[in-house]
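The values are calculated or read from the model by the stated rules, or taken from the named source; none is laboratory data. For clarity, every value in this text was computed on a predicted model and none was experimentally measured. Glycine gets a Cβ as well: all are built from the backbone with ideal geometry, and neighbour counts include every protein chain shown. To get the accessible areas, we keep the full protein, side chains included, count just its heavy atoms, and leave off ligands, DNA and RNA. Shrake-Rupley method; radii C 1.70, N 1.55, O 1.52, S 1.80 Å.
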Amino acid sequence: MTYGMIATWEMAYDGLQKGLAHLKNSGTAADALEKAICAVEDEPTFQSVGYGGLPNAQGVVEMDSAYMDGNTFQLGAVAGITDVKNPIKVARKLSHEKFNSFLVGAGATAYAKEVGFTMTEMLTEKAAQAYQERLKAMAESNLSPYDGHDTVGMVSLDDTGSMVAGTSTSGLFMKRPGRVGDSPLAGSGLYVDAEVGGACATGLGEDLMKGCLSYEIVRLMKAGLTPQAACDEAVYSFDAELTKRYGKAGAFSLIAMNNTGDWGVATNVEFTFVVGNVNQEVTLYTARPDNQGGTIIQAQ
Ligand code: SD4
């Protein structure tokens, strides 16, 4: 058997090493993914996930997260949750619920508190300062408040063939309170079927959710495409559709891994991601579109 993990952005590098070490010791895909995503959530210098994440327009760190089990299709998610140290743990716990498995806002935060997850103020001094600076810059110029957004999305495969996927993000900097992106939405931010493979997204959620791209990639892999061909087909054809329909597409990037550990990515911007598997230590790559329907990928 084989095992492997793939994740969006360079920030997942250390987390993926932890997750992969767990898989190497015959750990489960689920525990490996939780460890890896928690490592990203816990790192205060990452300004778009968990502790240290940039806040919404009212200065509150509101987070979205989802967890999907590719064997059972169990799915848990939270959106607009606050003050919880590890949203991915809450999403995973909710995935075991038959009812109430996707919670938002105050209800999500109250649930996390009730079941005993660690609660903490997620706004760091540095993020508060970035918020104040952005408020000032916005008052002085016509700056778009919504720049800067990197979700951690991850697919994990263990040597029993189990697969899971997860996402975690603080969403768009300066988002309107209550705004939800693609990350907690099955099919958009993530999707996994252990009989096929999984996919995750990062980028402008408002556009990603129009294409259900994570589901589309898994569907294409199920139809027989390699992960790379599935990513290219889903991402570039949807980018073209959006451009045709309303003139532009936001930035987005998708990663995928199938149930034999092969992987692929596609992106309409410069993008970094990390992969590790049974044959390969965790490796950082960059990807960009070749503008002919394919992706240029380079190991760093
Ligand atoms: C969102 N997709 O909330 C997330 C943000 C993000 O890379 O990924 N960014 O829309």
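Here the condition is being within 16 Å of the ligand (Cβ to nearest atom) and assigned to a helix (DSSP H, G or I); of 12, 7, 21, it holds for 12 alone. Of everything in segment 160-182 that is of a type in the set (A, V, I, L, M) and out of contact with any Pro (no Cβ under 9 Å at 6 or more places or on another chain), the residue that is nearest to residue 200 (Cα to Cα) is 165. Has segment 41-49 got any residue that is within 16 Å of the ligand (Cβ to nearest atom), farther than 21 Å from residue 265 by Cβ and open to solvent by less than 60 Å² (accessible area, probe 1.4 Å)? Scanning segment 41-49, I find at least one residue that is within 16 Å of the ligand (Cβ to nearest atom), farther than 21 Å from residue 265 by Cβ and open to solvent by less than 60 Å² (accessible area, probe 1.4 Å), so the answer is yes.
Would you confirm, using the coordinates I've provided, whether residue 18 is farther than 17 Å from residue 162 by Cβ, in contact (Cβ under 8 Å) with a residue 24 or more places away in the chain, open to solvent by 30 Å² or more (accessible area, probe 1.4 Å) and not hydrophobic (A, V, I, L, M, F, W, C)? When the stated conditions are applied, residue 18 does not pass them. Residues considered: 70, 80. Of these, the only one that is over 15 Å from residue 177 (Cα atoms), modelled with pLDDT of 95 or more and small (Gly, Ala, Ser) is 70. Evaluate the following for residue 1: is it in contact (Cβ under 8 Å) with a residue 60 or more places away in the chain, open to solvent by 60 Å² or more (accessible area, probe 1.4 Å), away from the ligand (no atom under 16 Å from the Cβ) and in contact with a Gly (Cβ under 7 Å, 6 or more places away or on another chain)? Here the answer is yes, as residue 1 does meet what is asked. Among the residues here, residue 300 qualifies as surrounded by fewer than 17 Cβ atoms within 10 Å (Cβ to Cβ), among the polar types (S, T, N, Q) and in contact with a Leu (Cβ under 6 Å, 6 or more places away or on another chain).
For segment 218-235, the criterion of being more than 24 Å from residue 101 (Cα to Cα), surrounded by 21 or more Cβ atoms within 10 Å (Cβ to Cβ) and of a type in the set (D, E, K, R) is met by at least one residue. The residues of segment 262-285 that are surrounded by 16 or more Cβ atoms within 10 Å (Cβ to Cβ) and of a type in the set (Val, Ile, Thr), listed by number, are 265, 267, 272, 274, 275, 282.
Matching residues to (1) within 16 Å of the ligand (Cβ to nearest atom); (2) open to solvent by 50 Å² or more (accessible area, probe 1.4 Å):
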| site | (1), (2) |
| --- | --- |
| 97 | no, yes |
| 113 | no, yes |
| 117 | no, no |
| 127 | yes, no |
| 137 | no, no |
| 140 | no, yes |
| 179 | yes, no |
| 187 | yes, no |
| 200 | yes, no |
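State whether the residues of segment 235-246 include one that is more than 16 Å from the ligand (Cβ to nearest atom) and modelled with pLDDT under 95. Checking segment 235-246: at least one residue is more than 16 Å from the ligand (Cβ to nearest atom) and modelled with pLDDT under 95. When each of 160, 169, 151 is tested for being touching a residue at least 24 places away in the same chain (Cβ under 8 Å) and surrounded by fewer than 20 Cβ atoms within 10 Å (Cβ to Cβ), the lone residue that passes is 160.
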